[in-house]
Amino acid sequence: MAVLAGVSPATVSRVVNDERYIRPETRYAVERAITELGFHRNELARGLRPGQTTETVALLIEDPANPFWSGVTRGAEETARRHQHMLVVGSTGQRFEQERDLLRDLVRRRVDGLLVTPTAHDHVDLHAELARWAPMVFIDRVPQGVPADSVVLDNYGGAREAVAHLTAQGRRRIGYIGGDPAVFTGADRLAGYRRAVEDAGLGYDPVLVSLDNHTVEAARAAATALLDGPAAADAIFADNNRICVGVLHAVAGRDEVGVAGFDDLELVDLLPRPVPLVTYDTVELGRRAAELLFGRIAGETGPTTQVLLPTRLVLRGGRGR
């Protein structure tokens with residue numbers, strides 16, 4: 001840029017930083033070079049200094065209204081306090097643009113580290129941009145091609161066990177209702193479902209699979225369609241807690257239909273029917289991720305680590321039976 005403008009690098013820096021006492025013709029030459037080269041000033045780098053600490057770490061979650069995230073937040077906060085740091089929490093609403101803007105803003109505010117539940121989007125460039133300023137650990141999901149630590153659940157094994165429970169009950173037309181298939185958790189849970197039905201000799205039938213359901217209402221409609229339509233499902237596996245709520249609404253009064261779900265549910269023990277659920281320790285999920293993060297903040301430089309937390313299938317509800 002300095003060569004194109006015919007000035008020194010120091011002069012380019014003075015123009016970029018809008019300093020005074022620059023001759024108009026010099027400023028014009030530099031600004032024209034900036035335009036031609038498509039230069040964009042790195043606001044992150046301008047606001048940071050090496051070695052600074054704010055004793056603050058950040059956690060980005062998907063939906064604060066979902067009870068799943070309250071446990072994760074508790075585990076991360078307990079760990080942050082132990083390390084004499086404050087935890088700030090933001091939510092992405094599953095929107096990459098919101099995630100990106102929040103992460104950039106948090107780095108500008110000089111947080112010491114980031115705990116992130118990534119959206120279903122390519123994170124390679126964003127991670128490369130931000131990881132120079134603050135270490136990042138992913139929770140619950142792992143973006144492809146990103147060299148960072150992560151803590152995830154055994155999504156594949158948990159889904160496979162839950163669906164195997166349904167096949168052991170004699171179910172032969174087991175529907176699957178899920179969210180975004182591009183999300184790490186959804187892809188693994190769908191793979192576990194597929195393996196379980198194939199293990200039972202039932203074969204994988206895409207007619208029984210409904211994806212891109214993101215609300216209780218959408219899950220209820222999808223479940224009703226699988227039960228009443230040509231699929232004729234006799235059981236349904238729900239791949240998260242909100243979807244399971246929608247499915248339970250759809251099967252109310254249909255005691256002959258089997259249901260299993262991934263994630264625990266609030267008030268599930270009040271249900272009149274027993275429901276097998278894939279459960280795990282959400283507090284431990286947040287705690288382990290935060291411990292990895294503080295290790296990186298302390299200067300650990302070893303290979304990236306992926307922690308796989310176990311799940312277990314529990315039978316909930318069905319009191320009085």
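What follows draws every value from the coordinates through simple rules; no lab data is involved. Keep in mind that this is a model prediction, so the values were computed, not measured. Note that we place each Cβ from the backbone using ideal geometry, even for glycine, and neighbour counts take in every protein chain shown.
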Original post:
By how many degrees, 0 to 90 and rounded to 10, does the Cα axis of helix 24-37 deviate from the longest principal axis of the chain?
Top reply: 30 degrees
Subject >> Two-site label geometry, ASP63 and ARG132: point separation in nm, points 7 Å out along Cα→Cβ >> reply: 3.7 nm
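Less than 15 Å Cβ to Cβ from GLU266, Lys/Arg counted +1 and Asp/Glu -1: what total charge do the surrounding residues give?
Neighbour charge sum, excluding GLU266 itself: -2.
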Subject >> Two-site label geometry, THR54 and ASP255: point separation in nm, points 7 Å out along Cα→Cβ >> reply: 5.7 nm
Subject >> Whole-angstrom gap from the stretch 128-152 to the stretch 55-109, using each part's C-alpha centre >> reply: 14 Å
**OP:** Using Cα centres only, tell me the gap between the stretch 268-321 and the stretch 163-223 in whole Å.
**Re:** 21 Å
Subject >> Residues listed by number, the stretch 76-94, amide nitrogen under 13 Å from ILE297 label point at 7 Å toward C-beta >> reply: 76-89
Subject >> Mean projected area (nm²) of the alpha-carbon convex hull when the chain is viewed from all directions >> reply: 20.9 nm²
Original post:
Out of VAL137, VAL275, VAL124, any idea which swings most in a Gaussian network model of the chain, alpha carbons joined below 10 Å?
Top reply: VAL124
Subject >> For GLY90, residues with placed amide H under 5 Å, excluding near neighbours >> reply: LEU59, LEU60, ILE61
Subject >> DSSP beta bridge pairing in the chain, given as percent antiparallel to the nearest 5 >> reply: 15 percent
Original post:
If you build a Gaussian network model of the chain, linking Cα atoms that sit under 10 Å apart, which residue out of LEU226, LEU267, LEU285 swings the most?
Top reply: LEU267
Original post:
What is the helix-to-structure angle for 241-250, meaning the angle in degrees between its Cα long axis and the longest Cα principal axis of the chain, kept from 0 to 90 and rounded to the nearest 10?
Top reply: 40 degrees
Original post:
If you plug each phi of the stretch 268-274 into the Karplus form 6.51 cos²θ - 1.76 cosθ + 1.60 with θ = phi - 60°, what whole-Hz ³J(HN,Hα) values come out, in order, with x for Gly and Pro?
Top reply: 5, 5, 8, 5, x, 10, x
